[in-house]
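Asks: The structure that follows is given in the form of structure tokens.
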Amino acid sequence: MAKPDCPLCGGTGWKTVERVPEEEKMTRVSWEKPVEGTNAKKRYWAVPCDCTGKDRSARTLDRARIPNRYEHCDFNNFDTDIYDTGADCAAWNRSLEQSKLVAEAFARDYPLGTDTGLLLMGPCGAGKTHLAVAALRQIVLRGHTGLFYDYRELLKEIQGSYNPESQTSELGVLEPVLTADVLLLDDLGAGKPSPWALETVGHILNTRYNERRITLLTTNYLDTDGPTAMPTARSPRLPSGQAVSAAREDSLTDRLGMRIRSRLYEMCRTIELFAPDYRREVRQAGRMRS
Ligand SMILES: Nc1ncnc2c1ncn2[C@@H]1O[C@H](COP(=O)(O)OP(=O)(O)OP(=O)(O)O)[C@@H](O)[C@H]1O
Ligand SMILES: [Mg+2]
Ligand SMILES: [Zn+2]
């Protein structure tokens, strides 16, 4: 809705501009006005006023259901030059920088140039959700539909909606999850789903994959083999010399089963984010740059 007292549009929601992008010309109203003191004419276009644009983007962001806790997450406040002590600090900074570059390029190019999503793997607090939310926000602000779901929350809703007598409420939960242009499933592998809930997760991922919809996932379960396995020798350490407790006892395959894990290889590009827990290392040490 336009602001009634907007100085740009006077509350109509439309303002006039001299230039619009080529691809919008067909869909916009335009007219010519004489340029004062000459015989020339200039074309003007009607475009939605900023006061409505802000509302609209706020509304699409609301629909994406990004939790308040992650509302601040953006690429330009994701620090990549944080650590300056400890043997692994250069590697941590590099990992942050690389991960940010990949996520940022993905968000910038979406929907062109890619039919795979992102799987961000790494230890607790490394910044996986931050980067995934930053990508989701950017895509949503360009007008695509996006949806944030905590994995455990989704399982709970699926389990809660399961009613053998009627499928409707289950469909109510699943519909937006299946159809959002971009789904962010946060903290994959957390919680212990029942076999059929896990099957539903498989169904969600499969359907989205088949319909060429993009899924972004974060997890701190790693692979015990394959490209994302973390050899002990490479275990990241905190500046204090303490090892980062990245490797959970279970692997991602243990948590999700072989079929889903192998589907994820096809659906997503993996980003390994190996850095210490930002909450503990940076926030508590007061080392955050302003
Ligand atoms: N490189 C960074 N620059 C700025 N803020 C960061 C960075 N890394 C993490 N943060 C902030 O630290 C907090 C924890 O990060 P985040 O939630 O993204 O971690 P995570 O890897 O998803 O952790 P978990 O595995 O526990 O879910 C967030 O508030 C996030 O904004
Ligand atoms: Mg997270
Ligand atoms: Zn206005």
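The values are calculated or read from the model by the stated rules, or taken from the named source; none is laboratory data. As the structure is a prediction and not an experimental result, all values here were calculated from the model. Reconstructed Cβ throughout: ideal geometry from the backbone, glycine too, with neighbour counts over all protein chains shown.
Asks: Which one is modelled with the lowest pLDDT among residues in segment 247-267 that are within 25 Å of residue 94 (Cα to Cα) and surrounded by fewer than 20 Cβ atoms within 10 Å (Cβ to Cβ)?
Replies: 247
Asks: Can you tell me which residue among 25, 42 is of a type in the set (D, E, K, R) and either part of a helix (DSSP H, G or I) or modelled with pLDDT of 90 or more (or both)?
Replies: 25
Asks: When the residues of segment 55-84 are narrowed to those that are of a type in the set (A, V, I, L, M, F, W, C) and touching a Phe, Trp or Tyr at 6+ places or on another chain (Cβ under 9 Å), which ends up nearest to ligand 2 (Cβ to nearest atom)?
Replies: In this case the residue turns out to be 66.
Asks: Let me ask something else. May I ask you to verify whether residue 77 is of a type outside the set (A, V, I, L, M), surrounded by fewer than 14 Cβ atoms within 10 Å (Cβ to Cβ) and modelled with pLDDT of 90 or more?
Replies: So residue 77 fits the description; yes.
Asks: Quick one: what pairs do we get from segment 30-47, first residue assigned by TED's automatic domain parsing to the domain that holds residue 16, second small (Gly, Ala, Ser), C-beta under 6 Å, 6+ apart or different chains?
Replies: 43/30; 45/30
Asks: Might you let me know whether segment 103-117 holds any residue that is modelled with pLDDT of 85 or more and in a strand (DSSP E or B)?
Replies: Looking through segment 103-117, at least one residue is modelled with pLDDT of 85 or more and in a strand (DSSP E or B).
Asks: Need the failing condition index for residue 60 against (1) part of a helix (DSSP H, G or I); (2) at pLDDT 80 or above; (3) within 20 Å of residue 149 (Cα to Cα), just the number.
Replies: Residue 60 satisfies every listed condition except (2).
Asks: How many residues does segment 108-133 contain that are surrounded by 22 or more Cβ atoms within 10 Å (Cβ to Cβ) and either within 16 Å of ligand 3 (Cβ to nearest atom) or small (Gly, Ala, Ser) (or both)?
Replies: Within segment 108-133, residues that are surrounded by 22 or more Cβ atoms within 10 Å (Cβ to Cβ) and either within 16 Å of ligand 3 (Cβ to nearest atom) or small (Gly, Ala, Ser) (or both) number 5.
Asks: Take the conditions under 30 Å from residue 278 (Cα atoms), in the same structural domain as residue 256 (by TED's automatic domain parsing) and modelled with pLDDT under 95 and apply them to residue 243. Does it pass?
Replies: So residue 243 fits the description; yes.
Asks: Filter segment 9-22 for residues that are under 14 Å from residue 44 (Cβ atoms) and in a loop (DSSP other than H, G, I, E, B); which is farthest from ligand 2 (Cβ to nearest atom)?
Replies: The residue in question is 18.
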